[in-house]
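Read the structure below first, then the notes.
Each reported figure results from applying straightforward, stated rules to the coordinates on display, with no laboratory input. Keep in mind it's a predicted model, so treat the numbers as computed, not measured. Note: ideal-geometry Cβ built from the backbone for every residue, glycine included; neighbour counts use all protein chains shown.
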Amino acid sequence: MKNTPPATSLSFPPSVRLHASAEYQAVFKGAKRLTSPHLRLHAHVRAEATVPRLGVTVSKKVDKRAVGRNRIKRVAREFFRHEKAHLPAGDYVVLVQPGAKLLANAELRAQLQTLFERARSLKPAPTPGTMPASPGALERPASDS
């Protein structure tokens with residue numbers, strides 16, 4: 001029987017990954033978009049979320065070779081593993097733009113750093129189906145009809 005070490009705060013378990021297409025679509029629908037020259041971050045900060053979760057998409061337009069696409073995804077996941085403790089709970093999707101394959105790992109990390117620093121200041125989106133009360137709603141006098 002193999003003895004596995006306990007999961008640390010720097011792990012990347014399945015619970016912090018976006019898996020299904022519906023999860024990605026929900027992020028794209030309600031997210032704030034942040035951009036850098038070669039990356040786009042869709043950040044959907046939600047009050048009901050418990051942990052930050054990450055999804056990374058790298059199309060064949062970025063690099064036709066799987067090894068190049070996987071390198072970019074690996075750098076993004078590694079960066080997220082170290083930064084997730086400092087991020088507001090919600091879902092994040094990193095979209096990689098064409099031209100990113102020419103960047104070194106350090107340049108990719110620098111662009112991710114600027115995007116996630118901006119994402120730290122985002123406020124949670126309101127819960128769907130709830131509407132805040134209008135300022136004058138409580139102050140209306142009763143009508144004498």
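Between residue 89 and residue 20, the distance separating the two model label sites (each 7 Å from Cα on the Cα→Cβ line) works out to 2.0 nm. Based on Cα contacts under 8 Å between residues 6+ apart, region 36-123 shows a relative contact order of 47 percent. Straight-line cross-link partners of residue 61 among the lysines, defined as a Cα under 21 Å from its Cα and at least 8 positions apart when in the same chain: 73, 101.
Here's the list of lysines a cross-link from residue 29 could span, going by alpha-carbon distance under 20 Å and ignoring same-chain residues fewer than 8 apart: 123. Within region 32-73, name every residue whose backbone N is under 12 Å away from a label modeled 7 Å from Cα of residue 107 along the Cβ vector. Correct set: 37-39. Projected label points at residue 78 and residue 11, each 7 Å from Cα along the beta carbon direction, are separated by 2.1 nanometres.
Using the Cβ-Cβ distance between residue 59 and residue 121 with R0 set to 25 Å, the FRET efficiency works out to roughly 0.30.
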